Amino acid sequence: MPEPRKNRVFSGVQPTGKLHIGNYLGAISQWAENQDDFENLFCVVDLHAITIPAAISPKAFHAKTLEVTALYLACGIDPAKSTIFLQSHVPEHSELAWLLNCVTPLGWLYRMTQFKAKAGTNQMVGTGLLDYPVLMAADILLYDAHYVPVGEDQKQHIEFTRDLAQRCNAMFNTRFIIPEAQIRSSGARIMGLDDPNAKMSKSIGEQKRGHSIGLLDAPSAIKKAIMSATTDGGNEARFGHAGVGVRNLLELYAVLSKRPHDEIEAEFHGHGYGKLKKSLVELVVETLRPIQERHVDLMKNQDHIRAMLDTGARRARTIAAVTVTRVRDAMGFVRSNI
Ligand code: TYM
């Protein structure tokens, strides 16, 4: 008997800023851990990366795209088990985004919190920034993905994708699968070390030392960032009682060590925060060391990375082309014979 088809997973990271431990814990590490359970597509979403064009020069964007692809591999995404590709290599992403644009009410886009936040801090707001959620919906719906493993900040985007899929299915017979977000119970919202009231961010991390733990940061930088992390004046190293800064450190320790909360509290409570910080430095450095070593090796052979991306794009396009034909037919476009 043929094996039943596995459920499909799609996710992606924008090649912008400095990838950090939040991106790893909230997204990439769970992709890697669950690879055997699903049919996986992991995309470097380079078309999304240009929605704030002033944030990155073409040269830096080019280099960052290859760096992030190599990071997927270094973090354990296996091309034998997962399709790894660049969004811009599969033109169906842009085509489906256009088709979806035409059924998306503008009001849905204006109320997205990420748009409001980003539009507020950027001088030039391009149409692409407003349209970001539609392109993201196209990414997911193109592959009929059942699950989308992401950090908590992407929840609204997945809700938007579900609503749009339902709307399209009702207006036309597009038969989109309604996807579900896969959000970890812990590690899905890592906070900034310098300001634990704000989410750890790739763009702030690039500009400001001590904000984030970069996946490619040297051990000395990691040590500095964690040892100077903002904490309160108390000594409550307990998950339910600590202030936001200490809770963030405890959470990082718990997710990385995979140890139960009571054991961690027994080890660190009553010792001041120095012991927790020192142990966290060791744990983070040891977790990132093999990833960084693999990344250095991978970046030495960029031809290999490009060849793998070609294979990935070829595989992704076979699925994407079928979906776009289905949607075109459902919407009434005349088929072409060329
Ligand atoms: P991006 O590039 O901002 O972030 C990549 C992934 O990292 C997660 N993440 C975090 N998780 C925990 N703590 C944090 N502080 C933290 N910061 C970021 C994000 O939730 C994300 O999972 N819109 C997406 C990219 C995208 C996408 C898609 C994702 C485009 N199309 C389709 C899934 C499916 C984004 O901006 O990710």
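The values are calculated or read from the model by the stated rules, or taken from the named source; none is laboratory data. Here the structure is a predicted model, which means the values were calculated and not measured. A quick note on method: Cβ atoms are made from the backbone with ideal geometry, for glycine too, and the neighbour counts reach across all protein chains shown. Protein only, heavy atoms only, side chains kept; ligands, DNA and RNA dropped before computing areas. Shrake-Rupley method; radii C 1.70, N 1.55, O 1.52, S 1.80 Å.
Summary of values
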read-out	value
Selected residue (only one of Glu152, Glu180 is within 13 Å of the ligand (Cβ to nearest atom), among the charged types (D, E, K, R), touching a residue at least 60 places away in the same chain (Cβ under 8 Å) and assigned by TED's automatic domain parsing to the domain that holds Val13)	Glu152
Hits in the range 269-291 (condition: hydroxyl-bearing (Ser, Thr, Tyr) and either under 21 Å from the mean Cα position of the chain (by Cα) or surrounded by fewer than 17 Cβ atoms within 10 Å (Cβ to Cβ) (or both))	Thr287
So Ile305, is it part of a helix (DSSP H, G or I), in contact with a Gly (Cβ under 9 Å, 6 or more places away or on another chain) and surrounded by 17 or more Cβ atoms within 10 Å (Cβ to Cβ)	no
Matching option when the condition is of a type outside the set (Val, Ile, Thr), within 22 Å of Ala32 (Cβ to Cβ) and open to solvent by 80 Å² or more (accessible area, probe 1.4 Å), among Arg259, Arg294, Arg247	Arg294
Some residue of the range 79-91 being in a helix (DSSP H, G or I) and open to solvent by less than 20 Å² (accessible area, probe 1.4 Å)	yes
Residues of the range 2-33 that turn out to be open to solvent by less than 50 Å² (accessible area, probe 1.4 Å) and either of a type outside the set (Gly, Ala, Ser) or assigned to a loop (DSSP other than H, G, I, E, B) (or both), as a count	17
Residue list for the range 113-149, restricted to those being in a loop (DSSP other than H, G, I, E, B), touching a residue at least 40 places away in the same chain (Cβ under 8 Å) and more than 12 Å from the ligand (Cβ to nearest atom)	Asn122, Gln123, Met124, Gly126, Asp144, His146
